[in-house]
Structure formats: C-alpha cells, structure tokens
1. For region B:353-368, enumerate the residues that are among the basic types (Lys, Arg) and either buried (at least 24 other Cβ atoms within 10 Å of the Cβ) or under 17 Å from the mean Cα position of the chain (by Cα) (or both).
2. Looking at B:VAL120, is it closer than 15 Å to B:GLU170 by Cβ, in the same structural domain as B:ALA91 (by TED's automatic domain parsing) and surrounded by 15 or more Cβ atoms within 10 Å (Cβ to Cβ)?
3. Conditions: (1) in contact (Cβ under 8 Å) with a residue 60 or more places away in the chain; (2) within 14 Å of chain A (Cβ to nearest Cβ); (3) of a type in the set (S, T, N, Q). B:GLN433 meets all but one. Number of the miss?
4. Which ones in region B:316-331 are over 13 Å from B:ASN374 (Cβ atoms) and without any contact (Cβ under 8 Å) to a residue 60 or more places away in the chain?
5. What strands (runs of 3 or more DSSP E) completely inside region A:134-226 contain at least 1 residues that are touching a Phe, Trp or Tyr at 6+ places or on another chain (Cβ under 6 Å) and surrounded by 14 or more Cβ atoms within 10 Å (Cβ to Cβ)?
6. Mind counting the residues in region A:2-34 that are on the phi < 0 side of the Ramachandran plot, more than 13 Å from chain B (Cβ to nearest Cβ) and more than 8 Å from the chain's Cα centre (by Cα)?
7. Tell me, yes or no, whether region B:436-450 has at least one residue that is under 30 Å from A:LEU13 (Cβ atoms) and within 14 Å of chain A (Cβ to nearest Cβ).
8. Identify, please: which residue in region B:332-349 is within 25 Å of the chain's Cα centre (by Cα) and farther than 16 Å from B:HIS376 by Cβ and is, among those, modelled with the lowest pLDDT?
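The values are calculated or read from the model by the stated rules, or taken from the named source; none is laboratory data. Keep in mind it's a predicted model, so treat the numbers as computed, not measured. Here the Cβ positions follow ideal geometry from the backbone for every residue, glycine too, while neighbour counts run over all protein chains shown.
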Amino acid sequence: MNIVVVVRQVPDLIEPLEIASSGDALDLDAASFIINESDDHALEQALLLKEAGGGGVTVVALDFGDVDNSLYAAAAKGADRIVKIAFDGDVPPPARESAALYAEAIKPLGADLVLVGVQAHDELDGGLSPFLAAALGMPYVGVIRGVKAGDAPGSVVACKEFPGAVMARMNVKLPALLGILGADQPPRYVPVSRIRGAMKTAQFEESAVAAAVAEPLLKVGGLSPPAPAARAEMLAGSEEEIAGRIVEILAEKGLVK
Amino acid sequence: MPTETKFLGLYGAIWLAILLVVASALFAMRVVQLIRVLTLGRKENRLDHLGQRLLMFLREVMGQSRMIKGESIINWAHPLIFWGFCFFLIASGLMFVGGILAPWLWIPQAEQIPIIGTFVDLFAVAVLIGLIASSIRRYILTPPGLQRTLDATIVVLLIAALMITYLLAEAGGKTREEMLAAQGAAAHHGWGQTWLPAGQALATGLHAIGLGSQTIVQIGVVSWWIHASILLLFLVYLPYSKHMHLIWAPFAVFLAELPYTESLPPAEYGEQKAEATENPLSRFTWRMLMNAYTCAECGRCERVCPAASSGAALSPRQVVHDLKHCVLADGLAALKDRPPKENGEKLIGDIIKSGALWGCATCRACVDICPVRNEHVSLIIEMRRKLVEDGVVDASLMETLVSLQRYGNSQSKSARKRHDWAKDLPVPVKDAQKEPVETLWFLGDYAAFHPSAVRISRMVAQVFHAAGLDFGTLGNAEQSAGNDVRRVGEEGLFEMLAEKNVKALSKADFQRIVTTDPHTYHALKHDYPRFGLERPVFHYTEILDELLAAGKLPLKHQLPSRCTYHDPCYLGRYNGVYDAPRRIIEAVGMKLVEMPRNRENSFCCGAGGGKIWMQDEEGVSERPADLRLKEVLQLEGVTDIVVACPKDLVMFEDAVKTIASTPPLCVVDVGELVFEAMGLSSQLKEQKA
C-alpha cells in the first residue's frame, strides 16, 4: 500500500503568542513551530499500516517553520520518502488554498491512501482534509481513530468516531483520504540518535510542481488577545477569615446552604 | 605419602599426576571459552589507576571488607570460608606437588610445617563453622533474594567433604606417627612437631569410639585420596557452577568502576553500531558481560534496592542472573558460529521485562553493596538504551523526553521562561554570558522551574549574595544537564543537551560551576569533560561549607529543631559528599539525628534515573519516598528532614502528604536553613514592610 501523509507545522502553544505589528497576523519571530498533533497521529497510523502489511510511506509537507525537524523525525521513524513543497509567501495559506498545493504534489505520487490530521489549531476556514480530498478527487472519511487493512484487497477498515463516543467501523475502498483524529497507538518516541542519523542520510525531494498560491478567499481583518471577562478575587487575611469568605462565596453561588 | 603405594603397577603419584593434568585441562578449556565470550563485548578500558585498583583488590578480596559490611554477624561466615580457602590453596598446592613427587623427592606438607599446619588445621574447623552458619542462613533463616539452588547445595557439600576428609587424613597421619613413635622409630621428616589440635582431637575421638590405630591410618589414606579427588572434581565443576565467582570475582573487583567516577560507557549507534549488530551480546561491554560470571546470587542487591522494597518488578539479582543464562547460551553459540540460543535481543524486554528495567532509580545501592562489585546500574542503562531505540517508553516518560527535545527542559516549559525563577529577586543575578563571574550557577530543571524548588533557588541566590559570592547564571541559554536523560537510556538526547550547554558555557567567563542539583552536579562533573568542559564543579553545600570555613557566612540565629538528613544518591554514593551538608546543619544549630540508613547506606527517594518522570508501575505498594519518611518517623523528636536536592524536596513534600503523620514532617533544604540562620527571611519581611 502506497500511503501519503501530510505533515503541517503549527505554532507551539507553550510559547506566548504575540501579534505582529500589522495587527492581522502572529509575530512569527516570537513563535516556534511544532508538528500538528493529529498529523503526528496520521504519520503513526501510516507507519503501523506499513509495518503490518508492507508498502511505503511518503511524507508531504509545506516548506515552512521548523518543518525540517519534523521531517527528519518522520524519516527516523520509518518514512520512506519525504517531499517538501516550496511556496510563495511567509506563512502557509489557509486550508482551501493549501489543499491545492498539497494536491499538486500528491497527485504524481500515485497514493492508495492519503492520511491527514483531521484538525489543526491554526485552521481558519475548516479542516484541510476534506478540501484535499476534493482537490484529489478521492472519497473522504474524517474523524478516524484507527485504521486496519481491509479483508478485500485495495480496502481498509477505518474506525470513525461520532459525537457521544459512538464508534463505527467502515470499509473504505481505496484510493481514499482519511482525516485522522488518533492512531491505533500514540505516536512513537524516536530517539535523538536516530534523528541525527536521519539528518545524515535522509534525502528531501522538492515537489516537482511549481506551486502558485491562489489568492485566499478568507482574509484576516485583525487579531487581538482575549480580554479578561473578570479578574480573580484574591482572598487575604487569617486562615479563619479566608475560610469564612470561601464559605460565603460557595453560599452565594448556591453550592452550600 | 599415600601416593608412594602402587596401583595397577603404577605409583599413586603417577595416577595423581594424570588426574591433575586431565582436571586442569578441562578447567582451562572452560575458562578460555568463557574469556572468549567476554571478547564478544564492546571494548572498555579498565586498566587505569592500577595502584587504586590494587588497593581495592587487597581491601575487598583479600580483606573481604565488603562481605563484612552491613547486614549481620553472620556475614563473617564468608570471610572465614574465604581465608580458609586461601590457606587450603597453599595446603593443596603442597599436597599435589608433594604427592606427585613423593616416590622420588620429599616435599613438606602443610600439616608438617609449624604455624602453617596449625593455621590450616584450625581453618578447616573455621570453614566448617562458616558452612554451618551460612547453611543456617541459606536454608533456615533465608533472607529475601537468597536462592536455595541445587548448585549452592552441591558446593556446600563439596566444601564440607573437603574439610572433613582433610581432618580425617590429618588424624590418620597423627595416628601413624604415634604408631611409629611407639615402635621407637624416628618421626619421619619432622612429622609430629606441628600442633594440629583438630586433627589430634579427631584421632582421639576415633580411638574413643573403638577404632584401632591401623583402621584410623587406613581411613586417613582413603580420606587423603578422596580429598584430592574432590579437589580435582571441584576444579572441573567450578567454572560451570555459580561458584565460578571464585575464579572471576577477584578480577571483577580489580577491574571494577572506581569510586566517585563515571564509568557508564557511551552508547554506540549509527555507523558505530553497524558492525556490532551481528551478535546481540556486542551491545554490552566486556565488563558488563563479566557481571554474569561473578554474581554469587547472594541477593544483597535485591535487599537494598528501593524498587524491590517498594514492590516493583525489579530484582537486580534476577537481571544479572538472566544475563548469565543469555551470555552462556548465546556467547558459547557465537563461538561456534551458531545462531544465538537465548537471543540477547529477547533478553531485553522479553526475558527481562521492560517494567523491571524501568523500575531502577539508578541509586547504586546494589552496586555499592555487591561483594563482587557487579555493576547492575550500567547494565540496566545499557538495556534501557535498547528499549528507547525500540520506542518501548512509558507515556509519561515519552512526554518528558519530547519536552527535553523541544524545549531543553523536562518540565514542558518554554525555554524563554527558564530564568523567570529570578524575577523580582531582591538581589541581582548576573548573566554570565554578558559579564564575567567567579562562580557560574547551573540551576538544572527542577531548581529553575518547579515551584517548590524555585522557592529554594531564590533563597540560595540571596545567601550567595549575602556571602559576597560573585555569581551568575546562563539565563535562558541553560538547558537540562541531561543526567537523568542519560540514565533513562536516551544517549543521543543527552549528547545534544550536553553539546548545547557546553556551547553556552563557552560563551561565559567563569572560574567554577556550582549547582544545587546533585544530578546536574554529577553530569557536569563526570559526563561533561568529554564534551570539553574543563572547569571544576561543586555542589552548593560544598560552596556553603567553604564559605562557612572562611568565616564568610554570617549566621545570626541558631535553629532549635531536631532534624535528620537524607543523603542524595548522586551527591553521596556517586560523589562521596557526605560531610559538607552535615557541617552546615550543625553550624546552624540544628541537632542532627542520623537515620539507620545514612551516608553510603542511604535509601533512595525513588526519583533518580528518570523515575520522577514515570508513572508508578503495577505492584508498587509503597513508594521509596514514603518508606524513607517512615524511617524518619522512627527517630525520636525529629521534626524536620533536611535535603540537599531539588528532586528530594519534590518527592518528600509529596510523600509527607501521603503518609500524613501528625504533626506533619517538615521537608527543608540546606539552603533554606542557611537563609533562615543568616536572618535573611526577617530582612526580607522588613524590606517588604
């Protein structure tokens, strides 16, 4: 099975996000980037499928942020090919326009199965996965928690999660694109020694298609930090006074009588 | 000599020589085979500091110092057996040389040489007493971890038979002399001049039960031959049995890791490992493989292990025992170009379960108590490296390792916030990358990020300032020193952290390094020199002790409490710093009451080796930190446990809540004591007011 995985870079929320002086974008110099969590699960799922049934895993990524680190880690985990897509602009375009870029790079790869994280915390106009499925002309199932090879050749069994934790097992005829929420097991740990080894040996392919970014349909008007609705009340005084005030607050809220 | 008589037309001496040659050949073949197995391991230099090694050998092998240490009086059984064994080596040597040459040349026997003869005679009795004592211990009062194996029983019986036959041969010889004397014949070659109390008493006893002199002489001759045969049988059996430690232990002690050094060999991976993958044993160094030969299965390691004590799956003895099976099976197969039998790769994770390997806190209690200086911790870390390579890593540990990869700290905090601990401090903390400082303070993750430890770091900064110490830090450029990353088995990540830290240190101007964290201390002191760090490294208790001695630590108050002190493993056992913190505690006026397990016998809090980042494994009934605090509660009137490690602080503050004693124990840091005794807390309050 020829599996293609899309790997995106998203701002690391452990760092404080700062708004650029333009007021309509993040300050990229103040941000650091990490692999999108559900894309990491998509990669893990692809590697599990490969280990179980053979085939190859190709990772496709836009050349942005610290993507090389994520790609070396992917190579160290067992990805067979790495394809980087160069694009015009400082930041990746929104999902709809990014999908076009990814689709151009993925089409020549002859994928049986494309796995994409079903969500990313910097998405503005919806998830990338359905846009990409449409651009590739592939059937799509999203919110998947685990994929196994199907009984019939050229198919997989995908476990789809519905609201209320209702799970459905779906036979999916390939080629198809799945939006991955979680892999069958958490993403594996890859030791630094192996990443360093991959840095010496892994070859990145540049996407053969000269990708032009379409004008985004969605434009950001402005960004602002959330305004606090109410400040916390700091209790001061002796232990008895503080305890008394806590009881009063609980009573005010109707939690104690 | 009994060998002067002929059997089947040949002198007994000839038969004895044939038996000796056959037994020696069988012994030598096995030993050579075992040495060849060791050569399958990785290279490691253990021939440095030969003088220190010789002293260690004399003290611990000849002096049996480790055998006598700890546990109980019954430990004296082994030295008795060992020293007896040494005397018997002389006696046996003379016996074989004399026996083989007897028809042609007289060689004095041990029992014919004054003093030596008496010693051997008395040691035969001592060994028998030692055997009785050790058998009572093994079969009746069996301590946890001590095995009742057939192998052990066979060896006890063989040694007992050796001693009894020796004494019977002596009794026979004495009786023969008496017969000669009664006939007016001169004592042969001075026989009879040596005082042999046990042999004489046995001869008297045999007479008393009605045996005639001639019968006793014949019993003596038969016993002599049985004794010689058992010795040769023992020689052949020894390298196949658990008692092969008799052969290997002296070498193991001489070639052991030296105290207060770092002998954990770097991992081999990538191109280095390409050649090494052919045989699974090549993952280990030859000294690690040697652990398998030297283990006497005494179980001491298991009894002092905090993981085993708390119910975890780890038994250091079992780890070495399983290694032994694998080394013997796979190693011998490899010598014959056969595929591995046990498969060393399966050893790690299958035979020795990953849970057991992750249970180790790398406290070194097992290494320090081991009478033959086996190196369980290095062995376990090497096996952990394989688990890390295979991604067999606890979810919580994996999260921490990812945090260390991304942010350079174990606390999943932004690297840009590392220096936030010093925010709004009333004293300046210099940036050592911007201005020269005498002392560079390397904080470590817990001291920089963990709320409890940050409180102490802020106090220590004020103490340093008040003492006039010219100090600074690397600010946000510091990353985790990686001590526990290395002990988790993530060598590549450790190297990455070390390289970044050494690069940051190279941009700073300083004379020495101080740290409050013993784990960081150990890594900087012993692991970093190979990355280019050349400055001396100190624990802050050493610096405070130095300031105290120089009169630069003005203590205004005496603190009245009774306290105990917990020796951190990486400060005490790993680096021998025991006295500096104790001197400070006494200087601030506290009454120090030692716990039963103190100094080199300290009991780990359970945080080391990355354990603080892992979930408790199944089966853990009481965590080591809880057990340790229960030990504190046994001390009369002790209200405080003093620590000198941020991880101890975190572990014990947590354990105080678990054990819920009344009144609750106070966990205080040495830095906090000095801060209070210098009157800095009241000064701070006044400033705030």
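1. First, pick out the residues of region B:353-368 that are among the basic types (Lys, Arg): B:353, B:364.
Listed by number, the list holds a single entry, B:ARG364.
2. Working: closer than 15 Å to B:GLU170 by Cβ: yes; in the same structural domain as B:ALA91 (by TED's automatic domain parsing): yes; surrounded by 15 or more Cβ atoms within 10 Å (Cβ to Cβ): yes.
Spelling it out, B:VAL120 is indeed closer than 15 Å to B:GLU170 by Cβ, in the same structural domain as B:ALA91 (by TED's automatic domain parsing) and surrounded by 15 or more Cβ atoms within 10 Å (Cβ to Cβ).
3. (2)
4. Result: B:ASP322, B:HIS325, B:CYS326, B:ALA329, B:ASP330.
5. Details: elements: A:140-149, A:155-162, A:166-173, A:176-182, A:204-206.
Ranges flagged: A:176-182.
6. Total satisfying the criteria: 14.
7. Yes - at least one qualifying residue is present in region B:436-450.
8. Here is the first cut: in region B:332-349, the ones within 25 Å of the chain's Cα centre (by Cα) are B:344, B:347-349.
Imposing the further condition that a residue be farther than 16 Å from B:HIS376 by Cβ reduces the set to B:344, B:349.
On the way: B:GLY344: 57, B:GLY349: 84.
Applying the filter and picking the extreme gives B:GLY344.
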